[in-house]
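The values are calculated or read from the model by the stated rules, or taken from the named source; none is laboratory data. Computed from a predicted structure; not experimentally measured. Cβ placement follows ideal geometry from the backbone for every residue including glycine, while neighbour counts extend to all protein chains displayed.
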Amino acid sequence: MKHFLDLSVSEFKEWLIRHGQPCFRAGQVGHWVCRSPGVPFEQMSDIPKELRTLLSRDFRIWSMETVAHRTSADGTEKLLLKTADDEHVECVLLRDDKGNRTACISTQVGCAMGCVFCASGLDGLVRNLTAGEIFEELLQLRRLLGPDERLSHIVVMGMGEPLANLPRLLQALNWATRKDGLNISARRVTISTVGASAGIRRLADHGAAYHLAVSLHAPNDELRSRIVPTNRKVGLGAILEAADYYFEKTGRRVTYEYVLLAEVNDRPEHAASLAELLRGRNALVNLIPFNPIQGLPYRTPRRQDVRDFASTLESAGVQVTIRHRKGDTIDAACGQLRRVREQAVVLSDFQQEA
Ligand code: SF4
């Protein structure tokens, strides 16, 4: 049985026409699926019975099962979802004190990019998620919200390289941003990439003004290729050109993510080179002090080094924020939870929901 959300809106309309149903039902059914997660087709009260029967025969709404659910003291919640073919993906709900509720979602099982500080890349890529699975992460997280909460933002920063699975991601985001879907503004959606330059250009040409975040992590090709091995195929020059193109096409300022690894890429000379690289660009640098991950040899930078790094950038006119990761008590870095699961460590402190 096909996942309902693997269909694009136009494919669903074609299905409706083939079954003698009017196209406007697409919005009605989409609204039910997105706004009332968990309600089966049979209970969609304003849909004719005949159509409900056809939908139940041909589609399923849920394909993934929550196998672990962790909550941290700061309100962050993380789900480990099992797919129909027994793979695992992670997604996270972040809460802040301004009332923002942000879903951080994955686009692939594992990742081929191999960033040296990331748990997701340690075991390579297994497969792309389907559009339905990507969107289902949003629905699963939405079910965690209280009655007064609303999903306000989406960040595509979980497992996988989003631009390596772009068509399916765009299809899922189409449902997320439609008025009869989750009705989240495209401006509140951030797509993070390690820098697939062709993918950045495709995204720019797509036309939706999503916010782009490029993970740089180093100010020169030699160091970046050590931290982000896929850089050998692309190179910083091509990535920055593609990011400039994105800004020209969409008018949206690009964010550059920089995970600070003690003694690896957090030295004063790295800050000076990065400032030089971004000088004159309308850019925001997001500095992310690394938090230790089991099995990886990297260390957290000293607070003073982080402050000095930021000051060097600011002195060159580059805007900077320092992001301290939320949910550190729940292995919230992408891929950590799945890896623990795959390694068959006993998850005795999980709220088992299986
Ligand atoms: S940081 Fe992102 S791109 Fe790099 S290995 Fe991890 S999931 Fe893949």
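Structure summary
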quantity: Residue within region 201-211 that is within 16 Å of the ligand (Cβ to nearest atom), farther than 28 Å from Arg142 by Cα and either buried (at least 23 other Cβ atoms within 10 Å of the Cβ) or not assigned by TED's automatic domain parsing to the domain that holds Pro297 (or both) present; calculated: no
quantity: Filter pass, Pro37 being crowded, with 16+ Cβ neighbours inside 10 Å and part of a loop (DSSP other than H, G, I, E, B); calculated: yes
quantity: Within region 150-163, tally of residues that are more than 9 Å from the ligand (Cβ to nearest atom) and touching a Gly at 6+ places or on another chain (Cβ under 8 Å); calculated: 2
quantity: Of all residues making up region 59-100, the number that are touching a His at 6+ places or on another chain (Cβ under 9 Å), over 19 Å from Ser152 (Cβ atoms) and surrounded by fewer than 16 Cβ atoms within 10 Å (Cβ to Cβ); calculated: 1
quantity: Subset of region 187-200 that is over 16 Å from Ala243 (Cβ atoms) and at pLDDT 95 or above - its residue that is farthest from the ligand (Cβ to nearest atom); calculated: Arg188
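Results for (1) farther than 21 Å from Val320 by Cα; (2) at pLDDT below 95; (3) within 16 Å of the ligand (Cβ to nearest atom), shown as yes or no for each residue.
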| position | (1), (2), (3) |
| --- | --- |
| Glu257 | no, yes, yes |
| Glu263 | no, no, no |
| Arg267 | no, no, no |
| Ala271 | no, no, no |
| Leu274 | no, no, no |
| Ala283 | no, yes, no |
| Pro292 | yes, yes, yes |
| Thr300 | no, yes, no |
| Val306 | no, no, no |
